[in-house]
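Report on the structure given below.
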Amino acid sequence: LRLLPQQRYLRTERAEVSALERKRNVLCCLISRILKGEKQLHIDSLVFRVIDACQKGQLGPGVQFLSFCCHSVDVLSCILHLLNQGYLRRQEGRPHILEY
């Protein structure tokens, strides 16, 4: 019989996954909020506005992160996630225009 120390890396992985999920949720909410106000927007403009809001700390009411940076890859990943979930859609003739 051997006593093993508790595995700390599992807790670290869970914390990292939780932080990534929270970041994705914040970005998805921010994308949805921007598109709700605009109704439709060019994908490049949406990415710029989301990154700008993150840099300015305008993430929404009650959302506070000490350090929250996002890149275009993060935003595009969330846009694809929302497209797959059916929250966003592309226009038929102009796939670069997103609608809420």
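Are any residues in segment 56-83 part of a loop (DSSP other than H, G, I, E, B) and modelled with pLDDT of 85 or more, and if so, which ones? Full working, then the answer.
Let us first name the residues in segment 56-83 that are part of a loop (DSSP other than H, G, I, E, B), namely 57-71.
The one that is part of a loop (DSSP other than H, G, I, E, B) and modelled with pLDDT of 85 or more: H71.
What residue, among those in segment 10-34 that are of a type in the set (A, V, I, L, M) and farther than 13 Å from C78 by Cα, is modelled with the highest pLDDT? I'd like the intermediate steps shown before the answer.
Our first condition is that a residue be of a type in the set (A, V, I, L, M); within segment 10-34, this holds for 10, 15, 17, 19-20, 26-27, 30-31, 34.
Those still in the list that are farther than 13 Å from C78 by Cα too: 10, 15, 17, 19, 34.
On the way: L10: 57, A15: 65, V17: 65, A19: 75, I34: 92.
The selected residue is I34.
Does any residue in segment 89-100 that is of a type in the set (S, T, Y) come within less than 7 Å, Cβ to Cβ, of a residue that is surrounded by 10 or more Cβ atoms within 10 Å (Cβ to Cβ) six or more places away or on a different chain, and which pairs are these?
Sorted first by the residue in segment 89-100, then by its partner, the pairs are Y100/S32; Y100/L35; Y100/L88.
Would segment 84-95 turn up any residue that is modelled with pLDDT of 90 or more and part of a helix (DSSP H, G or I)?
Within segment 84-95, one or more residues are modelled with pLDDT of 90 or more and part of a helix (DSSP H, G or I).
The values are calculated or read from the model by the stated rules, or taken from the named source; none is laboratory data. Values in this document were obtained by computation on a predicted structure and should not be read as measured data. So basically every Cβ, Gly included, is an ideal-geometry build from the backbone, and we count neighbours across all protein chains shown.
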